[in-house]
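Heads up, the thing below is written out as structure tokens.
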Amino acid sequence: MDLGEGIRKAVAKLRGATVIDSKTIKEFNKELQKALISADVDIRLVFSLTKRLEDASLRTDLPRGISPRDYVINMLYDELVGIMGTAYKPEMRPKRILLLGMYGSGKTTTAAKLAKYYQDRGISAALICCDVVRPAAYEQLETLAAQANVAFFGIKGEKSVQRIVREGLAQLKGRKIIICDSSGRNALDDALIHELKEINESFRPDEKLLVVNADIGQVASKQAREFDKAVKIDGVLVTKLDGSGKGGGALSAVKEAGVNITFIGVGEKLKDLELYDPNKFVGRLLGMPDLEGLVEKVNAAIMENRIKPEEMNVTELNFETFYTQLKAMSGMGPLKNMLGMMGVVDLPKDMLEQSEEKLAKYKVIISSMTKAERTSESLLNNSGRVKRIAIGSGTSEKDVRSLVGDFVKMKKMLDRMQNDRGFRKRFSKLVPGM
């Protein structure tokens with residue numbers, strides 16, 4: 001069970017309680033403690049938080065118009081935000097960024113993600129490979145740079161980080177954001193500290209960001225303190241947050257170390273990097289919709305797939321426009337993350353996997369249709385056409401008919417939404433043309 005699931009189960013029990021008394025709160029706190037400690041959140045923080053919840057929940061002078069139940073849940077949200085740090089907003093200006101960290105932190109992939117983040121926002125970016133220890137580090141970063149469409153510099157086989165930096169800065173002159181990927185180690189030893197100080201002297205970074213894997217939980221605090229003591233870091237970037245049960249522990253530990261969290265990695269793809277915002281993070285843990293984040297994902301997917309705004313107009317839904325929607329959805333990352341932003345959480349894993357598989361299959365089926373079939377679904381009442389599309393897409397006739405059935409249901413739902421003025425007003429930002 002991940003942290004979010006554990007917290008939501010505790011909150012669900014509280015919501016279902018008929019009476020909010022001392023016994024109810026103690027049971028709620030017990031479930032909450034179990035979830036937080038399992039996520040490797042420091043036990044002192046956990047018990048301090050639940051003690052404040054217990055003391056506040058039994059107040060007799062609650063604000064007018066709020067129930068004890070809602071008061072506790074609202075306070076839980078505020079308390080969790082408080083232990084998870086503060087929001088980060090990067091300065092969008094020319095700068096040099098040095099990434100450092102241990103082996104297995106995801107530092108090299110993160111370097112490419114960070115370069116893509118800035119370049120996608122109109123600031124030219126470049127990568128310098130200063131990992132002179134790990135085999136194939138040069139090739140990995142060069143490949144990732146090409147995928148991110150950013151400039152790259154390295155000297156294969158060179159062991160002098162100062163020479164690499166010196167020649168790299170000369171070669172990449174004119175790039176606004178230059179990110180240097182350094183070597184990792186199994187521990188912060190003298191050799192790594194010496195190497196980082198050499199890079200620091202030559203590169204003169206504006207920001208030094210420590211990259212940590214969310215799986216290390218509370219150890220993130222120790223790493224942050226050690227690196228800060230050795231080379232003075234400006235922030236921490238937490239990776240693999242989407243697949244770790246200890247993410248909450250890592251985030252709270254970094255905050256306790258007195259260092260700011262800058263970005264979080266939420267997936268394997270280069271676009272799966274987000275600015276850290278504890279309000280949004282805790283909101284997702286509690287199953288609250290993040291419509292602002294969803295809008296950003298939609299807009300990014302539209303740009304990445306070079307979809308014209310008018311193509312996203314779904315007032316006239318047919319297979320052609322449905323295909324455009326599927327392309328945009330496929331660029332928004334895992335379905336689990338997207339549904340989480342909508343407040344739809346805790347769906348069975350097999351259901352999510354089946355849904356993603358079905359959407360991918362639907363794209364292939366539509367691509368096998370003729371232009372006429374894409375704009376007039378009634379043509380697919382012809383069994384001959386269904387058979388031809390199934391053969392052309394490598395699927396079964398049952399799969400094609402399943403697509404048609406789901407499409408008809410979606411079209412009916414869209415018709416109802418378009419006749420609901422309130423719905424259109426609330427979600428017009430999400431679906432252009434609605």
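The values are calculated or read from the model by the stated rules, or taken from the named source; none is laboratory data. Not measured: the values here are computed from a predicted model. Using ideal geometry, Cβ is built from the backbone for each residue, glycine included, and neighbour counts are taken over all protein chains shown.
Looking only at region 18-34, residues that are of a type in the set (Val, Ile, Thr) and surrounded by fewer than 17 Cβ atoms within 10 Å (Cβ to Cβ) come to 2 in all.
Conditions (1) within 29 Å of Gly258 (Cα to Cα); (2) out of contact with any strand residue (DSSP E or B) (no Cβ under 6 Å at 6 or more places or on another chain); (3) of a type in the set (A, V, I, L, M, F, W, C), marked per residue:
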{"residue": "Glu5", "(1), (2), (3)": "yes, yes, no"}
{"residue": "Glu27", "(1), (2), (3)": "no, yes, no"}
{"residue": "Asp40", "(1), (2), (3)": "yes, yes, no"}
{"residue": "Val46", "(1), (2), (3)": "yes, yes, yes"}
{"residue": "Ile73", "(1), (2), (3)": "yes, yes, yes"}
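The residues in region 1-27 that are part of a helix (DSSP H, G or I) and either in contact (Cβ under 8 Å) with a residue 24 or more places away in the chain or of a type in the set (S, T, N, Q) (or both) can be counted, and the count is 15. When Ile365 is tested against the conditions (1) in a helix (DSSP H, G or I); (2) closer than 16 Å to Glu320 by Cβ; (3) modelled with pLDDT under 90, the lone failure is (3). All told, Gly243 meets the bar of being within 18 Å of the chain's Cα centre (by Cα), in the same structural domain as Glu195 (by TED's automatic domain parsing) and free of Cβ contacts under 8 Å to residues at least 60 places away in the same chain. In region 59-75 there is no residue matching the filter, namely being within 20 Å of the chain's Cα centre (by Cα) and touching a residue at least 12 places away in the same chain (Cβ under 8 Å). Cβ separations smaller than 9 Å between residues 6+ apart or across chains give the following pairs from region 404-418 residues that are in the same structural domain as Ser367 (by TED's automatic domain parsing) to residues that are surrounded by fewer than 11 Cβ atoms within 10 Å (Cβ to Cβ) and modelled with pLDDT of 70 or more: Val404/Asn381.
Kindly indicate whether any position in region 117-139 is over 24 Å from Glu201 (Cβ atoms) and among the hydrophobic types (A, V, I, L, M, F, W, C). So far as region 117-139 goes, yes, one or more of its residues are over 24 Å from Glu201 (Cβ atoms) and among the hydrophobic types (A, V, I, L, M, F, W, C). In the condition set (1) in a strand (DSSP E or B); (2) free of Cβ contacts under 8 Å to residues at least 24 places away in the same chain, Leu210 is compliant with all but (2). Of all the listed residues (Lys197, Lys271), the sole one being assigned to a loop (DSSP other than H, G, I, E, B), touching a residue at least 12 places away in the same chain (Cβ under 8 Å) and surrounded by fewer than 20 Cβ atoms within 10 Å (Cβ to Cβ) is Lys271.
Considering region 178-227 alone, what residues qualify as being among the β-branched types (Val, Ile, Thr) and either within 27 Å of Val150 (Cα to Cα) or in contact with a strand residue (DSSP E or B) (Cβ under 9 Å, 6 or more places away or on another chain) (or both)? Break it down into steps so the answer makes sense when it comes.
Step one: of region 178-227, the residues among the β-branched types (Val, Ile, Thr) are 178-179, 193, 199, 211-212, 216, 219.
Passing the criteria: Ile178, Ile179, Ile199, Val211, Val212, Val219.
In region 120-136, the count of residues that are among the basic types (Lys, Arg) and within 18 Å of Ile179 (Cβ to Cβ) is one or more.
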